[in-house]
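Colleague: This is the structure, below, for whatever I ask next.
The values are calculated or read from the model by the stated rules, or taken from the named source; none is laboratory data. Note that the coordinates shown come from a computational prediction; the quantities given were computed from them, not determined experimentally. Methodologically, a virtual Cβ is constructed for each residue, glycine included, from the backbone with ideal geometry; neighbour enumeration extends over all protein chains shown. Areas reflect the complete protein model, heavy atoms only, side chains present, ligands, DNA and RNA absent. Shrake-Rupley method; radii C 1.70, N 1.55, O 1.52, S 1.80 Å.
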Amino acid sequence: MANFDLIVIGASAGGVGSLQRLVEHVPAEFPAAILVALHLPDGVRSMLPEILERAGNLPAAHPVSGDPITPGRIFIAPAGFHLTVHQDHMVVTRGAREHGLRPAIDPLFRSAALAYGPRVIGVVLSGLLDDGTIGLREIKRAGGVAIVQDPRDTEWPSMPQSALNHVRVDYSVPATQIGTLLQQLVMARPRSGTAMSNDDNKDVSEELRELTMHRDERQHPGEPSPYSCPECGGVLWELKDGELMRFRCRVGHAYTSETLTREQATTVEHALWTALRALEEQAAVRRRMADRARRKGLNLSADRYQEHAGELDRQAQQIRNLVLAGVGTAEEVEEPASEKP
C-alpha cells in the first residue's frame, strides 16, 4: 500500500528542465498521482505533457474539471487555468489570478493540503519570487511532506529559497534526486503524519476554503489594508501568517508582499507610459491649434497655444526621464520568453 496518494509540484523559470530530470527517475509502476503547476502565460499551447512523457515513464496530460485523480499519471495545469483538488477529482478553472499568475502554484498546494492532509507531498522547483511557499506551509500544517529543489541546482533559485526560508522543509536535494526520493517516500513504511502547530487554525481553515472556492462571501479572513488590488482596484485584505505578509481582494486576487510589490511596480510603469502618451498627444493638439490660429491671423491665440504646447512637452520629458530612470520597474527579472513549453 502506498504511503502517499498525491504528489503536487510547482515550477516556474527553469522548471521545465527540473521537471524532466525529476520524472526521469520516477518508475512506471509509481502508485501515486502527480499534479503539476508550471507558470505559463494565457494563450500559450503547452507541450509539457509530451515533454514529460518523453523524459520519463508515466503518461501525462492536461486534465479537465471532474477528471479523477488517477495513480501512476501526471496531470499538468493548462495555460491560463488554475488546477486544484477537490476530494478525489480535479477542478480546472479560470479563477482569480494569484501573484499575477494563472496557473499559480499556491492554489494547487493549498487545495491538496485540504483534500489529502498527511497523504500529500509538495515539491517546489526552480523559479522566481515566492509562489509555492504559502501552499507548502499548508501542506506541512496538514502533516504532509515538503521537498524543495536545492537552490544551488538551478539558475533561478528564488522560489526554492523562499520555501526554505519560511517552511520547515523535509528535504532539499537536486532535481535528479527528487524522483528517486519520491519513490522511496511513497513506498516507505506507513507513517503517522503530524501537522504543524498553528495558532490561527480557524483563520487558516477559513482561508483555505475561500481560496479553493469553498468561500462564504460574508466572511473575510484577515483585516482590511490601506492597499488596493493592482488588478481590479478592490480593497486588499491583509492575512497574518508568521513572518509572511499576504493580501487578497474580495474577488480572489492574491499576493505576497513580494508579488504585490512587483504588481504595484508594473501598475506604476503602465501609469507613467499612459501619462507620457496623454501629455504628448495634448502637446500635438495644441501645436495644431496654434498653426490654425496663425493661418487665420490670430497671433496672440497662436502664441498662447504654442506656449501651452511647450509646457506640455516639458512635463512629458519629465515623465520620460522617470521611465528611463527605471521608476516603476519591478526589481526581479522576468522569466525568459524563450522558455514556453
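Colleague: Please count how many residues of the range 34-49 are buried (at least 24 other Cβ atoms within 10 Å of the Cβ) and on the phi > 0 side of the Ramachandran plot.
Modeller: Residues flagged as buried (at least 24 other Cβ atoms within 10 Å of the Cβ) and on the phi > 0 side of the Ramachandran plot within the range 34-49 amount to 0.
Colleague: Can you name the condition, by its number, that residue 134 falls short on among (1) part of a helix (DSSP H, G or I); (2) surrounded by fewer than 23 Cβ atoms within 10 Å (Cβ to Cβ); (3) in contact with a strand residue (DSSP E or B) (Cβ under 7 Å, 6 or more places away or on another chain)?
Modeller: (2)
Colleague: Out of the range 4-19, which residues are open to solvent by 10 Å² or more (accessible area, probe 1.4 Å) and in a loop (DSSP other than H, G, I, E, B)?
Modeller: Result: 5, 14.
Colleague: What strands (runs of 3 or more DSSP E) completely inside the range 219-324 contain at least 3 residues that are open to solvent by less than 70 Å² (accessible area, probe 1.4 Å)?
Modeller: Filter on the range 219-324 gives 235-241, 244-249, 254-256.
Colleague: Got at least one residue in the range 261-277 being under 22 Å from residue 112 (Cα atoms) and at pLDDT below 85?
Modeller: So far as the range 261-277 goes, no, none of its residues is under 22 Å from residue 112 (Cα atoms) and at pLDDT below 85.
Colleague: Let me ask something else. With the structure loaded, tell me whether residue 188 is small (Gly, Ala, Ser) and either surrounded by 21 or more Cβ atoms within 10 Å (Cβ to Cβ) or in contact with a strand residue (DSSP E or B) (Cβ under 7 Å, 6 or more places away or on another chain) (or both) or whether it fails that test. Talk me through it step by step, then tell me what you get.
Modeller: Values: small (Gly, Ala, Ser): yes; either surrounded by 21 or more Cβ atoms within 10 Å (Cβ to Cβ) or in contact with a strand residue (DSSP E or B) (Cβ under 7 Å, 6 or more places away or on another chain) (or both): no.
For residue 188, the condition - small (Gly, Ala, Ser) and either surrounded by 21 or more Cβ atoms within 10 Å (Cβ to Cβ) or in contact with a strand residue (DSSP E or B) (Cβ under 7 Å, 6 or more places away or on another chain) (or both) - is not met.
Colleague: If I ask for residues that are touching a residue at least 40 places away in the same chain (Cβ under 8 Å), in contact with a Lys or Arg (Cβ under 7 Å, 6 or more places away or on another chain) and open to solvent by 20 Å² or more (accessible area, probe 1.4 Å), which ones from the range 144-176 would you list?
Modeller: 166, 176
Colleague: Is it fair to say residue 22 is free of Cβ contacts under 8 Å to residues at least 40 places away in the same chain, assigned to a helix (DSSP H, G or I) and crowded, with 24+ Cβ neighbours inside 10 Å?
Modeller: The answer is no for residue 22.
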